[in-house]
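Presented below is the structure to which this report refers.
The values are calculated or read from the model by the stated rules, or taken from the named source; none is laboratory data. Predicted model only: the values in this text are computed from it and were never measured. All Cβ positions, even for glycine, are placed from backbone atoms using ideal geometry, and neighbour counts span all protein chains on display. We work out accessible area using only protein heavy atoms, side chains counted, and drop any ligands, DNA or RNA first. Shrake-Rupley method; radii C 1.70, N 1.55, O 1.52, S 1.80 Å.
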Amino acid sequence: MTAGDKILLAHGGGGRLTDELIHSVILPAFENQTLNKLTDSAEIRLGKDNICFTTDSYVVKPLFFNGGDIGKLAVCGTINDLAVAGAKPVALSLSLIIEEGLEISILKKILASAAQAAKEENISIVCGDTKVVEAGSADKIFINTSGVGLKLSKAEVGFEKIAAGDKIIVSGTIGDHGMTIMSQREGMKFESEMKSDCGSVAQICAKEIEVLDSDIKFMRDPTRGGLAATLSEISDQTDLGIEIQETQIPVNPTTQAAADMLGFDILNIANEGKVVIVVSGQKADECLEICKSCQNGKDAAIIGQIVKSSEPLVELITMIKGRRIVQMPYGRELPRIC
Amino acid sequence: MLERINRAYIQIARAQKSLGRKINIMEVCGTHTVNVFRAGLRDAFPEGMRLLSGPGCPVCITDQGYIDAVLSLADRDDCIIATYGDMIRVPGRNGSLEQRTNRGNIKIVLSAEDALKLAKQNPDKKIVFVAIGFETTAPATAVIANEAIEQGIKNLFIFSNHKLVIPAMKALLSEKNHKIDAFMCPGHVSVIIGSDAYKPIVEQFKRPCVVAGFEPMQIVEAISEICRQLADNTPAVDSVYPAAVTAAGNKTAQKIIEETFDAVDGCWRGLGNIDKSTLKLKGKFSELDAEKQLGVKFIHEEDLTGCQCGQVLCGLMDPPDCGLFAKSCTPDTPVGPCMVSSEGACAAWFKYTRRKRRNQ
């Protein structure tokens, strides 16, 4: 470990420090084949069924933001982790760590929102836990959800399926969640115009697998670290290069303006209702149409492709036809000064 | 768009022919530095033109002594440090602000106004505003200084190390071995100071000064205009960002800067002491002046061992030529400020051009 052997906020940023913490501290503690794969969901064989199992903790400030809240986020985030693994979500747990002093009315609002999100996906929250800690020991409320899902029989997704010539699709505009949260937190003038994409991608994922089965090679929800982190990981894990076209990446202009104002690279900004799909070249157009036919995939676009390359890097072909590298983000994004 | 790029190519070739060598254009703004990389411009332009990243990143040009002084204030239990985000990871001789965040007294602010709010919310603490940046951020500091006096707020302290761009540009051109053929002038700063502010540089040093916006094509246009001037040997002040920048600038902002600060001699990382380049609060604001009220002093300190940020900021070295670059100095473990700031030249080189993979 570096940086003085203490946990920094950047260790939770989804970038390189997070990666390093997981590999040098967390994985060695539990060593097993299933965990070592570090997939969004673990796959476990139970009898003749393959079960997917995942967990995630949610800490977000503010608790309520334009487009969602911590309750909806906690349900959709875990559903998405199951969905991108090619599973049909079956049931969720929901655990609360509440700071002493939180108004019950706020808790009710959060739970109602979580319940609504679960209902929309036809999934039940079947178990949970409640802990209260003294004031100052937590920030209002933290939520953990775990989820189990049944692996779809047609699903054959994994890094090992990816090959040169495959296309990359993103299901809609990127960076909306991260920039909405940041601008709402900082009281920026854009805040009213931006909306988090907080939502489920389960419909998209299920439909893609149903229609295109093994032509869908890989899916991932680009949350922390944004599109950059997801693409870097694909390149790292496959030893293949990736080329993406800046002009093809869907971005909401207000989100872009907010990112520019703070000096952020939109590719590094978190999403909470998007999926990146790697699909075989010949089925890419069909895959795109399926995405667009879904409620949360209307702005989907083919943004690039997997390439054979002596240097397995993610390269962005820019608007002016220049090239630059896209990497796993470093540390925590810090707003710039002027 | 490609047509405009081709036109720029032609001007670059003309300028190169006219000078009989590679041409060096310095961008004096961290946002330009980053956007040049993000847009892939370095890759798109011919080798005969070099872009040098100048002293345009506020954190990067801040002297080591000031950073250590801020850290000493952060170690005090009676102080809350209100700082722009870029600053928190800059290493001092004894760690960084980021490594002190568990003390709970480091607050990231997006504007000076947030520091004033913090002062009101924490009446029993001394709020120290780390006032750095150029003419862009100085007016906001001036506003809170005036508001704090008007509202009788006694616990806000301003640790001013604001810098002025023009004296630094002159200092760079006064160095014997500088390589600068022209300046691409900063967009935001020019909104405040106005494009006429560059006239003395053109007159004294015969260097083109062209103000650019931040869109890739605005940068291309600026480069094209700079090269045309170099080729024709007609250095002048020009702006390809006319929508935002006027000849006279923002008079209101200039006035409040003048009324609030004195321009005094001050140290810059890499450039050393520059006459009348640093803004300190005027005497009438002395009750807000952190240096006067909190007993904090800072003197120029040399950069940390081996760090070449100073050379990079003067356009004398590209980051990859520094012995620490991508070895002991990375965005995760920065040695110098140019690797920390999102506007820093070293960070931009590392993030957007480094062709090695993370496991290597």
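Annotations for the structure displayed:
- When the square roots of the Cα gyration tensor eigenvalues are ordered a ≥ b ≥ c, the ratio a/c for chain A is under 1.5, which makes its shape rounded.
- Overall, the anisotropy analysis places segment A:39-151 in the prolate class: the square-rooted eigenvalues a ≥ b ≥ c of its C-alpha gyration tensor yield a/c not less than 1.5, with a/b exceeding b/c.
- Globularity index of segment B:1-147, i.e. its alpha-carbon radius of gyration over 2.2 N^0.38 Å: 1.43
- GNM flexibility winner over chain A from A:ALA114, A:ALA164, A:ALA135 (Cα, springs under 10 Å): A:ALA135
- Buried surface for the B/A pair, taken as the accessible area of each chain alone minus that of the pair with a 1.4 Å probe, is close to 3900 Å² in total.
- Remark: the A:MET261-A:LYS292 segment gains 8.1 nm on full extension, using 0.36 nm per residue and subtracting the alpha carbon distance.
- Restraint check, A:LYS308/B:LYS327; A:LYS61/B:LYS107; A:LYS167/A:LYS217, Cα-Cα greater than 19 Å: A:LYS308/B:LYS327
- Shielding of A:311-324 by partner chains, average beta-carbon count, 10 Å: 6
- In the protein assembly as shown, helices alone account for a calculated mean residue ellipticity at 222 nm of -10000 deg cm²/dmol, with every DSSP H run of four or more residues adding -39,500 (n - 2.57).
- Between A:ALA135 and B:ARG76, the FRET efficiency estimated from the beta carbon spacing at R0 = 25 angstrom works out to 0.45.
- Counted without the sites themselves, the longest stretch of chain B free of GluC sites (Glu not before Pro) in a DSSP loop having at most 16 other beta carbon atoms within 10 Å is B:48-174.
- Per residue, the convex hull spanned by the alpha carbons of the protein assembly as shown comes to 160 Å³.
- Under the simplified labelling scheme, the A:GLN33-B:ASP275 pair shows an inter-label distance of 7.6 nm, with each label point 7 Å from Cα along Cα→Cβ.
- DSSP-defined beta bridges in the protein assembly as shown - what % are antiparallel, rounded to 5: 60
- Spherically averaged projected area of segment B:1-307 from its Cα convex hull (nm²): 16.3
- Extended-chain gain in nm, criterion 0.36 nm per residue less alpha-carbon gap, B:SER18 and B:GLN293: 93.4 nm
- For B:LYS17, neighbours were defined as the other residues whose beta-carbon sits under 13 Å from its Cβ, and their charges (Lys and Arg +1, Asp and Glu -1) total +3.
- As a fraction of the 1.4 Å probe accessible area of chain B, surface on carbon and sulfur atoms comes out at 49 percent.
- Tensor-based shape of segment B:236-278 (alpha-carbon gyration tensor, a/c under 1.5 rounded, otherwise prolate or oblate): oblate
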